[in-house]
There are 2 protein chains.
Amino acid sequence: MRLGMPESDFPDIRSLEIFAEMDQVHFESLMRGGYVQTFPPHVDLIAEGDPSDFLHIVMSGSIDLFASWNGRDSSLATVRPIATFILAATIRDAPYLMSARTLEKSRVALIPSQDVRAVFDVDSGFARAIVNELSQAYRRKIKAMKDLKLRTSLERLANYLLREQDRCGGAAGFDLPFGKARLASLLGMTPENLSRAFRNLQAYGVTVNGSRISITDQRDLETFAAPSPLIDDDRI
Amino acid sequence: MRLGMPESDFPDIRSLEIFAEMDQVHFESLMRGGYVQTFPPHVDLIAEGDPSDFLHIVMSGSIDLFASWNGRDSSLATVRPIATFILAATIRDAPYLMSARTLEKSRVALIPSQDVRAVFDVDSGFARAIVNELSQAYRRKIKAMKDLKLRTSLERLANYLLREQDRCGGAAGFDLPFGKARLASLLGMTPENLSRAFRNLQAYGVTVNGSRISITDQRDLETFAAPSPLIDDDRI
DNA sequence: TTTGATGCTTGATAATTATCAAGGATAAAA
DNA sequence: TTTTATCCTTGATAATTATCAAGCATCAAA
């Protein structure tokens, strides 16, 4: 349904970092061509290989980026508000390299890719914001690559738990934000081995009850996990 | 030695995609602050964690990007002429996430990062080129991630050989561009297992003699490797 | 309450990958 | 030529991870 963006959404979107510094005229022209939609959980939004017709922006909820090959598939990232996804494909007018689906009920803004490219060419504030977003996405991928190539699966899980604890506010107890099968896929392991990995982390002060995690010995877990800002710090 | 860039290098550098569209005044100001240096093989250029003082551009030779954690290390990418490396760190004024060293004798141009950021802000042609470079680098990383998470080590080697064959012109025989220990690290395996993987690929028509590879049964290897443009095609 | 259905866990086993130790091959240096 | 060093390979073994099959828990529908 191409209805255009309701004006009531303008302020929310305007406050996103990627739109904050751009010219008002350009902003409004982007908004006129775009729209916001709410999707139920577990809905496919895009499929890898498709042409990149829209820039997607997650306003609420969360999105799973994943990829498939030869019958296997793997989760590559979670996108949380407020962030774009598949920006590089949009900018290059190239096919998506990843598929995307909602993990939960999610509100997503869609802006036609050709409009994004057109405004990019004439609005240096927007161009600057896109470079910020792209360079951050690139560095996140480098970190994910280091995590995957330099650590064992147990170390990846330990560091994931520390990052997630931090994201949830730092308390000893917190909930996993999605199912363990997907967590296993994100971490590059099977669900069976994730179960066993959780059991192995008990020795370092981790208790699991359903999706509830308690870090009972912070020091011990951190000693084992040995987190590094050059892999685990999202702000750098 | 900060001697400034010799004018004889200007045309070479000006023809690089990243500098091609920018204003001549801005180009010359970048060149005045930069310089070109030739390094012998196996020289460390930058270390992860260091502040990003210079944008690096490989003019000739080749560069190994790698990372370390807890005493382990892993090669993450090879940079070949003509390309920048560590552009994202330069743009964000953030520490390098990877270390870099020469694989062979290499000529590298160095441009002070602060100059790059300053010109980026005022030259839209340059900003456009930087976005091109960044988005391409990002998509390359996504592909590398899919390669690593979706394929077994034998499949990664098979696809690597097909890509390398293509890069070398497509003939049945070609030479590996660096030692097998580094290839193993790039592919996320040990040198011992790389040896065994080469032996296993004999069954699919691959012959190895030192660093000389011959693909004797192209069809058979491609059937096994099942290359995908969304992972293996560098042009997309 | 029973009945599925789903998601997670467990155990047994197989496959893959890593590690350790030793042995070639090659090429440059003595 | 011998020596030395480097790089690669091989075999034996250990560790890790995946697969398969079964079982348990939770929850919602019947």
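The values are calculated or read from the model by the stated rules, or taken from the named source; none is laboratory data. All values derive from a computational prediction rather than experimental measurement. Quick reminder, even Gly has a Cβ in these numbers, built from the backbone with ideal geometry, and neighbours come from all protein chains shown. Surface accessibility is based on the protein's heavy atoms, side chains included, excluding ligands, DNA and RNA. Shrake-Rupley method; radii C 1.70, N 1.55, O 1.52, S 1.80 Å.
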Query raised in the report: Just for region A:153-175: of the residues that are farther than 18 Å from A:V79 by Cα and within 15 Å of DNA strand C (Cβ to nearest atom), which one is nearest to the other protein chains (Cβ to nearest Cβ)?
Result: A:E155
Report task. Please find, within region A:192-201, the residue that is farthest from B:L148 (Cα to Cα) out of those that are within 11 Å of DNA strand C (Cβ to nearest atom) and touching a helix residue (DSSP H, G or I) at 6+ places or on another chain (Cβ under 7 Å). Result -> A:N200
Query - Residue under evaluation B:F85, criteria (1) crowded, with 20+ Cβ neighbours inside 10 Å; (2) at pLDDT 95 or above, criterion not met - result: (2)
Query raised in the report: Inside region A:1-36, can you point out the residues that are open to solvent by 90 Å² or more (accessible area, probe 1.4 Å) and among the β-branched types (V, I, T)?
Result: A:V25
Query - Residues being closer than 30 Å to A:L134 by Cβ, free of Cβ contacts under 8 Å to residues at least 24 places away in the same chain and surrounded by fewer than 18 Cβ atoms within 10 Å (Cβ to Cβ) - total across region B:140-181 - result: 2
Query - Residue check for B:S29: part of a loop (DSSP other than H, G, I, E, B) and either touching a helix residue (DSSP H, G or I) at 6+ places or on another chain (Cβ under 9 Å) or over 16 Å from B:R101 (Cβ atoms) (or both) - result: no
Report task. Determine, yes or no, whether A:L65 is out of contact with any Lys or Arg (no Cβ under 7 Å at 6 or more places or on another chain) and under 29 Å from B:L230 (Cα atoms). Result -> yes
Query raised in the report: Inside region B:104-126, can you point out the residues that are touching a strand residue (DSSP E or B) at 6+ places or on another chain (Cβ under 6 Å) and of a type in the set (V, I, T)?
Result: B:V108, B:I111, B:V116
Query raised in the report: How many residues are touching a Ser or Thr at 6+ places or on another chain (Cβ under 8 Å) and surrounded by fewer than 22 Cβ atoms within 10 Å (Cβ to Cβ) if we restrict to region A:88-112?
Result: 10
Requested in this report: Kindly indicate whether B:S74 is in a loop (DSSP other than H, G, I, E, B) and of a type in the set (S, T, Y).
Outcome: no
Query raised in the report: Would a scan of region B:123-145 turn up a residue that is closer than 23 Å to A:R139 by Cβ, within 16 Å of DNA strand C (Cβ to nearest atom) and over 21 Å from the mean Cα position of the chain (by Cα)?
Result: no
Query raised in the report: Pick from region A:34-67 the residues that are assigned to a loop (DSSP other than H, G, I, E, B) and among the small types (G, A, S): which of them is nearest to the other protein chains (Cβ to nearest Cβ)?
Result: A:G49
Query raised in the report: For B:R107, are the conditions met, namely being without any contact (Cβ under 8 Å) to a residue 60 or more places away in the chain and more than 14 Å from every other protein chain (Cβ to nearest Cβ)?
Result: no
Query - Lone unmet requirement of (1) closer than 17 Å to A:T216 by Cα; (2) within 18 Å of the chain's Cα centre (by Cα) for A:G173 - result: (2)
Query raised in the report: Which of the residues belonging to region B:216-225 are within 27 Å of B:I142 (Cβ to Cβ) and surrounded by 15 or more Cβ atoms within 10 Å (Cβ to Cβ)?
Result: B:L221, B:E222, B:F224, B:A225
Query - Subset of region A:205-233 (residues that are away from every other protein chain (no Cβ under 14 Å), away from DNA strand C (no atom under 16 Å from the Cβ) and not β-branched (V, I, T)) - result: A:G205, A:D217, A:Q218, A:R219, A:D220, A:L221
Query raised in the report: Is there a residue in region A:128-138 that is touching a residue at least 12 places away in the same chain (Cβ under 8 Å), in the same structural domain as A:T78 (by TED's automatic domain parsing), open to solvent by less than 30 Å² (accessible area, probe 1.4 Å) and not small (G, A, S)?
Result: yes
Query raised in the report: Out of all the residues in region A:176-191, is one or more touching a strand residue (DSSP E or B) at 6+ places or on another chain (Cβ under 9 Å), away from DNA strand C (no atom under 11 Å from the Cβ) and within 9 Å of chain B (Cβ to nearest Cβ)?
Result: yes
**Report entry** Yes/no for A:L201 being in contact (Cβ under 8 Å) with a residue 60 or more places away in the chain and crowded, with 18+ Cβ neighbours inside 10 Å
**Finding:** no
Report summary line: Okay, strands (runs of 3 or more DSSP E) sitting entirely in region A:153-236 with 1 or more residues that are among the charged types (D, E, K, R) and within 16 Å of DNA strand D (Cβ to nearest atom), I get A:173-175, A:212-215
